[in-house]
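Readers should treat all values here as calculations from the given coordinates under stated rules, not as data from a laboratory. The structure presented is a predicted model; accordingly, all values stated were derived computationally and were not measured. In this analysis, Cβ positions are derived from the backbone assuming ideal geometry, glycine residues included, and neighbour counts consider all displayed protein chains.
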Amino acid sequence: MSDISFYEADGRIVAHLTGDAVAIDATKENTQELWVDGYFDGKTHYIDDGEAITRPVSPTVLDGLTLKQLPVPCTIGINGTEYDCDEVVAELDLPMSTAYKIKVMAFPHLDAEFNIET
C-alpha cells in the first residue's frame with residue numbers, strides 16, 4: 001500500500017489517499033491537485049516546497065488580559081467569535097464575569113488556546 005497527501009497552495013494538508021501502487025500512480029498522473037508522497041496529518045504538519053514540515057508552536061503568550069507575541073497576521077477567537085489581528089500585542093476587552101475560551105490562529109502555527117475566568 002502507498003499513501004499520498006493532498007495540500008493547498010498555502011501548504012495546508014486537506015486530504016489523503018491510500019491505495020495500491022497502481023492506483024496511487026494513476027492518481028498522481030491524472031490529478032490537478034498538489035500532492036506529496038506519504039501520509040501527513042494537517043493537524044501536525046504542513047507542506048513547504050514539497051516537503052512535510054512539523055507545524056511550529058505558536059509564540060503567543062497570555063499575560064493577564066493581554067495577548068503578546070502574536071504571529072502577524074492572526075485571527076483571535078473569543079468564545080467562537082473571530083477577529084482579525086495585525087498587531088503583535090492585543091488587549092482583550094472581556095466585559096462580562098464569565099469563562100472565556102481564547103484561540104489564536106495563524107497558519108502554519110499550531111493554534112494557541114487559553115481559558116480565562118473574569
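What to note about this one:
- Rounded to 10°, Cα long-axis angle of helix 21-30 versus longest principal axis of the chain: 70 degrees
- Model label sites at THR44 and GLU82, defined 7 Å from Cα along the beta-carbon direction, differ in position by 2.5 nm.
- Between MET1 and ASP63, the FRET efficiency estimated from the beta carbon spacing at R0 = 35 angstrom works out to 0.10.
- Only DSSP H runs of four or more residues enter the estimate; each adds -39500 (n - 2.57), and after division by the residues of the chain the mean residue ellipticity at 222 nm equals -2500 deg cm²/dmol.
- Highest-fluctuation residue, ALA52, ALA26, ALA15 considered, GNM on the chain with Cα pairs under 10 Å: ALA26
- Backbone geometry of segment 34-45 corresponds, through the Karplus equation with coefficients 6.51, -1.76 and 1.60 at θ = phi - 60°, to 3J(HN,Hα) couplings of 7, 8, 9, 5, x, 9, 10, 8, x, 6, 10, 9 Hz, x marking Gly and Pro.
- Inverse mean reciprocal Cα-Cα distance (Kirkwood Rh) of the chain, Å: 16.3 Å
- Qualifying GluC sites (Glu not before Pro) in segment 1-58, DSSP loop, other Cβ atoms within 10 Å at most 15: GLU8, GLU33
- Label-point gap, in nm, between ALA99 and GLN32 - each point 7 angstrom along Cα→Cβ: 4.7 nm
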